[in-house]
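Structure first, then comments.
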């Protein structure tokens, strides 16, 4: 590919994603009056609340499914299957975090 084609593609990607500069050598600088630290703190605070809520909902849902599976499966206790599924879902959801559609 020619360099002008690469630059054109970078401009198109930056325009479609709302990114800043299109050239790879330039970096996005914050506008005067904006504090990137406060924006990061706000996003972390809301993400932590969403992460915990998502983990709780996932644990409850998987706990019920695990309990129901324990009722049907032989040699598996319903209580232990439900608790195990709930604990596994809670830890997994805390680590992975909520999907984008959950935080909107």
Inset, instruction - Can you tell me which residue among 97, 88, 84 is touching a residue at least 12 places away in the same chain (Cβ under 8 Å) and on the phi > 0 side of the Ramachandran plot? - result: 97
Inset, instruction - Would you check if there is a residue in region 93-101 being at pLDDT below 90 and in a helix (DSSP H, G or I)? - result: yes
Legend entry - Candidates 50, 45, filtered to the one that is closer than 30 Å to residue 94 by Cβ, modelled with pLDDT of 55 or more and surrounded by 10 or more Cβ atoms within 10 Å (Cβ to Cβ): 50
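The values are calculated or read from the model by the stated rules, or taken from the named source; none is laboratory data. Everything numeric here is computed off the predicted structure, so don't read it as measured data. Neighbour counts are summed over all protein chains in view; Cβ atoms, including those assigned to glycine, are modelled from backbone coordinates with ideal geometry.
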